[in-house]
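Peer 1: Input: one structure, supplied below.
The values are calculated or read from the model by the stated rules, or taken from the named source; none is laboratory data. Everything numeric in this text was worked out from a predicted model, so none of it was measured. So basically every Cβ, Gly included, is an ideal-geometry build from the backbone, and we count neighbours across all protein chains shown. When the accessible area is computed, the model is the full protein with side chains, heavy atoms only, and any ligands, DNA or RNA have been set aside. Shrake-Rupley method; radii C 1.70, N 1.55, O 1.52, S 1.80 Å.
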Amino acid sequence: MDEAAHERIRAAVAAIPAGTTSTYGAVAAEAGLPGRARLVGRVLREDGHDLPWHRVLRADGTCAPHVAQEQAARLRAEGILVEGGRLPKAFRSRREP
DNA sequence: TACGTGACGCCGT
DNA sequence: CACGGCGCCACGT
């Protein structure tokens with residue numbers, strides 16, 4: 001099993017600074033698994049309960065379909081504005097201007 | 001063992 | 001800008 005990969009993915013997600021966001025693909029790359037965005041989604045589904053999974057969005061800035069509602073609420077709680085289930089371009093890049 | 005599915009991503013139309 | 005198709009890999013049947 002890719003337990004090591006899971007560990008890295010969890011670490012990458014945990015490393016996302018509060019008030020910023022990242023993407024599945026970025027997290028995968030960060031974990032040394034480029035192209036394994038789907039794996040990131042799987043890991044978050046299985047072991048993401050203790051992680052800031054709400055800071056992980058799709059590459060286009062939209063929220064994950066299954067949890068969009070709660071994710072948007074949590075992001076707003078972090079000070080991130082979400083509109084129409086989508087993240088404004090200004091915030092798209094998990095980096096501050 | 002093979003097939004279908006999915007917290008995704010990129011390219012073409 | 002919206003929609004559809006293909007690629008990717010781990011997992012359940």
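Peer 1: Considering each of A:Ala14, A:Ala77, A:Ala18, A:Ala31 in turn, give the residue that is of a type outside the set (D, E, K, R), open to solvent by 40 Å² or more (accessible area, probe 1.4 Å) and over 12 Å from the mean Cα position of the chain (by Cα).
Peer 2: The unique qualifying residue is A:Ala77.
Peer 1: Shifting gears a bit: Restricting to segment A:70-97, and then to whatever is at pLDDT below 90 and part of a helix (DSSP H, G or I), can you tell me which residue is nearest to A:Gly25 (Cα to Cα)?
Peer 2: For segment A:70-97, the residue satisfying everything is A:Arg92.
Peer 1: Scanning for something over 24 Å from A:Glu83 (Cβ atoms), among the charged types (D, E, K, R), within 11 Å of DNA strand C (Cβ to nearest atom) and open to solvent by 60 Å² or more (accessible area, probe 1.4 Å), does segment A:50-65 turn up at least one residue?
Peer 2: For segment A:50-65, residues over 24 Å from A:Glu83 (Cβ atoms), among the charged types (D, E, K, R), within 11 Å of DNA strand C (Cβ to nearest atom) and open to solvent by 60 Å² or more (accessible area, probe 1.4 Å): absent.
Peer 1: OK, next. If A:Ala18 satisfies every condition in (1) near DNA strand B (Cβ under 7 Å from one of its atoms); (2) part of a loop (DSSP other than H, G, I, E, B) but one, which is the exception?
Peer 2: With (1) near DNA strand B (Cβ under 7 Å from one of its atoms); (2) part of a loop (DSSP other than H, G, I, E, B) applied to A:Ala18, the lone miss is (1).
Peer 1: Taking segment A:1-11 as the search range and keeping residues that are touching a residue at least 12 places away in the same chain (Cβ under 8 Å) and within 13 Å of DNA strand C (Cβ to nearest atom), which one is surrounded by the fewest Cβ atoms within 10 Å (Cβ to Cβ)?
Peer 2: A:Asp2
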